[in-house]
Amino acid sequence: MNPLLSTYVNHPHGANLMWNTAIPLVGVVLTPLTLTVGPVFAYNLVMTLALAVSAWTAYLAIHRYVTTAPAAWLGGLVYGFSPYMMAQSLGHPHLTIAFVPPLILLALDSLVIRQNRPALFIGIAAGALAALQLWIGEELLASSGLVAILGLFILMELNPDRVRAQSRYALRALAIASATFTVLAAFPLAVQFFGPQPLLRSLQPHNLYATDVLGFFVPTDMQQVAPEPAVGISRHFTGNLSEWNGYLSLPLIGLLVFTAIRFWPLKVVRFAASLGLLIAGLSLGFTLRFAGSLTAVASVVVALPLPAFRRVLPARTMVLALMVVPIALITVPVIDNLLPSRLMLYADLMAGFLLATFAQSALHWPAVRARGVAVCAIGLTAIALIPRLPYPSSSAATPSFFTSSSVRQIPEGAVVLVAPFARIGSGDAMLWQAMAGDRFQMPEGGVIADGNPYPADPPPSTSLNVLRGIETGTLPALTLTEPLRQSLLNDLNRWHVRMVIVGPMAHQELVLALYSSVLGATPSWQGGVYTWTLPDG
């Protein structure tokens, strides 16, 4: 059995988990916990620890250059609890389990800059970290690779005199890293690109999920300090709440500008400021949007002032990147699945480093008044970035049928049709399936699979259309004709369904009446659900 392929959703076609937002390694690690206390507890634990552990690894990366621990912790918190992390925590664990990117930064620092350890050791470490990120979440690996390439070119432009001297070690270590990654990643990548249901199309609309020009300054509903007039603006941004990741706040932006100017002679500050500014520019997408209105102005326009600062900025790299990367994100297969707004994770890491640099310096300022002003500025920044409390949550109620011995009526691995029909935005059936220990398969599910329509609905079927229509209220008065009845029966037969279950849902009475007529029988009521048992074959 291939652990990266499953027919427990989207049966019988199944799904290639490498094209989905699965977090396979995390799932394996948490298996004992999931089996003992349940998937809901395991999920909540992952989403909580993801923020704290990501903040910790960001602290480790920042502490390499900012030696004052409290200042480095401040920078780590900016990364681990950033608006990006809080927004994506609404339901994207593959994007918030982000503890590896700071570790990759540490590895690349050793590989490209310090070069004080054997190339073999650093190469294996870098390759292993990349493979680790692949097994956790491939999207962050792809975006980390993009940012690493941009950072490398910025380094070379800022330090042209060191390129030749550093390149031999770096190339040797990178070759070792590539070999290590290939060995550790060969299996999942082979399943992804050569296994069933390869998806080489873009899964998201282009140029929709990008940062609004005002997004850096205007808070969203995810911030505790979010005046209604400001939120009234951010609610019109394109995309949705989980993708409004650009917020930095006016206090933080002010401190970042001050730190960049004040400490520009430090090469590490020049690098962090340049890379952070570039990433923020790339997060704007292909064309600019202002207060939610998509304009026809290409985002490359933000590069126009850069040549004037070529003596202090890596302008050549930044201009070229702002020209090429937005086009690549909408034209290059596979890469075009990276959403520009999500790049802000790395801008937050650079912002955390710059804030830590400011805090460390401020602690040593001789003037008490100056230190007081610095503390107030940091305090204002912290207040502006406080996440919304209490954090949004949803009910995870599961009918007792799925958590009691009643579920054993279903033969192990049998196919069950569950209403509400699972699809994107309606995942109750998938939760109940997980709470039942994945005892049964379903011809439904919010998964990405070849042939499934955007974004992750099951393949087209009469059952999907009818059950979705009833649940959403678009089919309030359905007349069961004989052709419709036969089509619904054909779905059950071709899927080899052994049981139909109707759980709590909108317009439940209409679904019960429908399947009572289709199956010619009244359902059984047990454990909070209605069931029909179908004959085998």
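The values are calculated or read from the model by the stated rules, or taken from the named source; none is laboratory data. Small disclaimer: the values here were computed from a predicted structure and weren't measured. Counting neighbours? That spans all protein chains shown, and the Cβs are built from the backbone with ideal geometry, glycine included.
Some notes on this structure:
- All conditions but one from (1) polar (S, T, N, Q); (2) modelled with pLDDT under 95; (3) buried (at least 18 other Cβ atoms within 10 Å of the Cβ) apply to Gln204; the one that does not is (3).
- Number of residues in segment 378-416 that are part of a helix (DSSP H, G or I) and farther than 30 Å from Leu90 by Cβ equals 4.
- Test result for Ala396, within 25 Å of the chain's Cα centre (by Cα) and among the hydrophobic types (A, V, I, L, M, F, W, C): yes
- Flag not set for Ala87, criterion: of a type in the set (A, V, I, L, M), part of a helix (DSSP H, G or I) and surrounded by fewer than 22 Cβ atoms within 10 Å (Cβ to Cβ).
- Criterion (surrounded by fewer than 19 Cβ atoms within 10 Å (Cβ to Cβ) and not assigned by the TED database to the domain that holds Met350) met by exactly one of Leu17, Leu45, Leu30: Leu30
- Within segment 294-319, the residues that satisfy the criterion of being without any contact (Cβ under 8 Å) to a residue 12 or more places away in the chain and out of contact with any Leu (no Cβ under 6 Å at 6 or more places or on another chain) are Ala296, Leu304, Pro305, Ala308, Phe309, Arg310, Arg311.
- Test: residue in segment 390-403 that is surrounded by 17 or more Cβ atoms within 10 Å (Cβ to Cβ), in contact with a helix residue (DSSP H, G or I) (Cβ under 8 Å, 6 or more places away or on another chain) and within 22 Å of Val269 (Cβ to Cβ): no
- Taken over segment 1-49, the residue count meeting the criterion of being without any contact (Cβ under 8 Å) to a residue 40 or more places away in the chain and outside any helix (DSSP H, G or I) is 4.
- Residue under evaluation Val40, criteria (1) of a type in the set (Val, Ile, Thr); (2) under 30 Å from Ser463 (Cα atoms); (3) crowded, with 17+ Cβ neighbours inside 10 Å, criterion not met: (3)
- Within segment 263-292, restricting attention to residues that are closer than 16 Å to Ser341 by Cα and of a type in the set (Ser, Thr, Tyr), the residue that is surrounded by the most Cβ atoms within 10 Å (Cβ to Cβ) is Ser283.
Each row is one residue, and each column tells you yes or no for (1) assigned by the TED database to the domain that holds Asp348; (2) farther than 30 Å from Val191 by Cβ; (3) at pLDDT 95 or above.
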{"residue": "Pro101", "(1), (2), (3)": "yes, no, yes"}
{"residue": "Leu105", "(1), (2), (3)": "yes, no, yes"}
{"residue": "Val112", "(1), (2), (3)": "yes, yes, yes"}
{"residue": "Gln115", "(1), (2), (3)": "yes, yes, yes"}
{"residue": "Leu140", "(1), (2), (3)": "yes, no, yes"}
{"residue": "Leu152", "(1), (2), (3)": "yes, no, yes"}
{"residue": "Glu157", "(1), (2), (3)": "yes, yes, yes"}
{"residue": "Ala165", "(1), (2), (3)": "yes, yes, no"}
{"residue": "Ala173", "(1), (2), (3)": "yes, no, yes"}
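- For Val466, the conditions (1) in a helix (DSSP H, G or I); (2) over 26 Å from the mean Cα position of the chain (by Cα); (3) farther than 17 Å from Glu509 by Cα are fulfilled apart from (3).
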